[in-house]
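The values are calculated or read from the model by the stated rules, or taken from the named source; none is laboratory data. This one's a predicted model, so the numbers in the text were calculated from it and none came from an experiment. Every residue, glycine as well, gets a Cβ built from its backbone with ideal geometry; the counts of neighbours run over all protein chains shown.
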Amino acid sequence: MRTRPQTLYVGTLQVGATPKDVLNQAEPLAPTFVNAEQCRAFYWTGVKGSDAPIAYTVRGGNANGWQWSASGQITGNARSWFRVVIKPPAPYNWYRFEVSGASQSLHSKITGVEEVAE
Amino acid sequence: MSAERITRREMLKRLIIAPVGAAVLTTLEVREAAACQQRYYEPYFVAVLWEGRTRCDSLWRNLTGDVVPILPTVRGATPYDRLYWTGYALGNAPVNVNMRVWARAVDLNGMPLGNGWRAVGQATIQTPPLRWFRVEIPEGHWDEYRIEVRSATPRLVYSRLIGSQGYWKE
């Protein structure tokens, strides 16, 4: 199997205390990406708007619910770059990239690295 | 003192088999010197992303020679898991060159997501004259990289930047 990067998301989100995904969906069951079973890694990069840390949770699952999650914090000064690498333990069809924290903008990009047959 | 007359081909062969000096990016996790020796990573595709010579002086210069901080050394590096920078410096004096690596992501139009760069790492390359050096840049999948070099003594550095894609056996 070979790998192929694919840009899954580029955008700006206004982060707030309420957890929302990068598509601005507050509904906790709503996926950010579907049909993502081929992705073996996600590279989430971008620039944060203020000094306050941003809490993130990445969930993997399917239409029956979330089966895996990973959490952490995006830290750094205002307008500094960040990078989060997510490698799920198993392939999932659905993923949700959720953030919360002090009010600030988050300009970011998510690249999925897919496994493709040779 | 005896002189030896050798062909250009023979000289190249001797340069190639000379020991390699490796520099490690100080702010990053140290990895194995050669990707092929790593149990869990096997490159299946490598590409030369940049190749050329750089005149190093006391300014931080891009490998392409500019001192304009917004310009990248390479674009379109998203597919590559890792980057390797190899080269050597001309001259009979020992090499003492500082280098640093920056990276950034761009949107679908090729515009950077933010100002400035993310500092990936920095290193000092110290080798005897005419010895090859090699630096591994493990933070892959950034869209653009800028590699800067600086030397207190002006040097001419010949180098090549390689991107690799590989199988992961984690």
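So how many residues does the stretch B:111-147 have that are more than 14 Å from every other protein chain (Cβ to nearest Cβ), of a type in the set (D, E, K, R) and surrounded by fewer than 22 Cβ atoms within 10 Å (Cβ to Cβ)?
So the answer is 2.
Please work out which one of (1) within 14 Å of chain A (Cβ to nearest Cβ); (2) part of a loop (DSSP other than H, G, I, E, B) is the condition B:Trp102 fails and give its number.
Among (1) within 14 Å of chain A (Cβ to nearest Cβ); (2) part of a loop (DSSP other than H, G, I, E, B), the lone unmet condition for B:Trp102 is (2).
Look through the stretch A:99-118, keep the residues that are in a strand (DSSP E or B) and of a type in the set (A, V, I, L, M, F, W, C), and return whichever of them is surrounded by the most Cβ atoms within 10 Å (Cβ to Cβ).
If we take residues in the stretch A:99-118 being in a strand (DSSP E or B) and of a type in the set (A, V, I, L, M, F, W, C), then A:Ile110 is surrounded by the most Cβ atoms within 10 Å (Cβ to Cβ).
Among all residue pairs at least 6 apart or on different chains, which show Cβ distances below 9 Å where the first residue, located in the stretch A:12-26, is over 15 Å from A:Ala52 (Cβ atoms) and the second is assigned to a loop (DSSP other than H, G, I, E, B) and of a type in the set (Val, Ile, Thr)?
A:Asp21/A:Thr32; A:Val22/A:Thr32; A:Leu23/A:Thr32; A:Gln25/A:Thr32; A:Ala26/A:Thr18
Given (1) farther than 19 Å from B:His141 by Cβ; (2) in a loop (DSSP other than H, G, I, E, B), where does A:Thr12 come up short, assuming only one miss?
Going through the list (1) farther than 19 Å from B:His141 by Cβ; (2) in a loop (DSSP other than H, G, I, E, B), A:Thr12 breaks only (2).
Evaluate the stretch A:19-35: report whether one residue or more is within 9 Å of chain B (Cβ to nearest Cβ) and not in a loop (DSSP other than H, G, I, E, B).
For the stretch A:19-35, residues within 9 Å of chain B (Cβ to nearest Cβ) and not in a loop (DSSP other than H, G, I, E, B): absent.
Would you mind telling me which numbered condition in (1) more than 11 Å from chain A (Cβ to nearest Cβ); (2) at pLDDT below 90 B:Trp168 fails?
(1)
Taking the stretch A:80-98, which residues are within 14 Å of another protein chain (Cβ to nearest Cβ) and assigned to a strand (DSSP E or B)?
A:Trp81, A:Phe82, A:Arg83, A:Val84, A:Val85, A:Ile86, listed by residue number.
Which residue out of A:Arg59, A:Arg96 is over 25 Å from B:Pro79 (Cβ atoms) and without any contact (Cβ under 8 Å) to a residue 60 or more places away in the chain?
A:Arg59 is the lone residue from the list that is over 25 Å from B:Pro79 (Cβ atoms) and without any contact (Cβ under 8 Å) to a residue 60 or more places away in the chain.
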